[in-house]
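Peer 1: What follows is a structure written as structure tokens; I'll ask about it next.
Nothing in this text is a laboratory measurement; each read-out follows from the coordinates by a stated rule. Please read all numbers here as calculations on a predicted model, not as lab measurements.
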Amino acid sequence: MAQSGEGWTDETRSAYLYRVIAEVEGGSRRSTLFLELAREAEGQAAIWAKKAGLASVPAYVPDLRARIVVSLVRRYGPRAMRGILAAMKVRGLSVYSHTAPGHPAPTSVEEIGKRHRSVGVGGNLRAAVFGINDGLVSNLSLILGVAGASSNTGFILLSGVAGLLAGAFSMAAGEYVSVRSQREMYEHQIGLERAELAEYPAEEAEELALIYAARGMKREDAQALAQRTIADPRLALDTLAREELGLNPEELGSPWGAALSSFFSFGVGALVPLLPFLFARGDGALIGAVAVTGVALFGVGAMISLFTGRSAVRDGLRMLAIGGGAGALTYFVGTLLGVSLT
């Protein structure tokens, strides 16, 4: 009984959100898709209401969470809010993930995995590069700020080590929470899909067909493909997660893996400005820290050009300017504080 009540609430809330998205989309093909999905959700809500023993389907009153999400969708659009919408059991979000109508639909679990695996590798590389960059800029700024206030090499070194550890642990904790939360949302949503497939597979096939049709497939072909997909339980669950929720399980990763990757990438970047202080003292160590960090910043900027498609020299110089500006500012602030405290 409790599951039926929860199912009714989920479906009626989804129908409400579908109609809001359709309104925001303003008569486009996507608007038609979400109106159709709203009607499907209302039909599924009726099934849950019948299972709950309700004589009639009660009117849905949006709760605070739904009203907040609606205000965000109206302000920023469904594409920007698709992560939150997926957690609210809104389907059809893959229309915001595929840029071209008629994007070929997968016909096997192996094909689905092959399509998305390279994306996850690129995302990991991007995260590592930016983690190193964060370590470089933040710890160089910290070291220069302390150096501006004090010429004590031991104190500067201690501050740099503290900055490295604090930043690395902070990055690791943030990545762990982020990836873990994303995985929990995915696991919850796939559990809902599994229950719905068991309760009303025909309705799930119709929703999937609507999504394929909205992406440019002929209606008959979309329905045939949806029926074949739903007939295979493993393929059905994987496809529904991607096509209805817009989720890609290949990109979720391991929370501990993400945390360790962030910890070490930030730590590598933060270690670079510290290295000269391990072998030298005074102004020589400070000049060495600025020099090696400048080279590293230029290198990281050049690597970022792999993701921007722009000139490696341009991106390298831009990153060098940003890091240099941050370091100069903190050195100036540290100098002022050092003068005021003496």
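Peer 1: If you average 1/r over every pair of different alpha-carbon atoms in the range 194-234 and take one over that average, what Kirkwood value in Å do you get? Each step should come with its number before you reach the end.
Peer 2: Numbers: mean 1/r = 0.0991 Å⁻¹.
By the Kirkwood definition, the hydrodynamic radius is 10.1 Å.
Peer 1: Go through the range 324-330 residue by residue and turn each phi into a ³J(HN,Hα) via Karplus (6.51, -1.76, 1.60, θ = phi - 60°); whole Hz please, and just put x for glycine and proline.
Peer 2: Values per residue, Gly and Pro as x: x, x, 5, x, 5, 5, 5 Hz.
Peer 1: What are the semi-axes of the equivalent ellipsoid of the range 148-199, taken as the square roots of 5 times the eigenvalues of the Cα gyration tensor, listed largest first and rounded to whole Å? Show your work: numbers first, answer last.
Peer 2: Numbers: eigenvalues 474, 8, 3 Å².
The answer is 49, 6, 4 Å, longest axis first.
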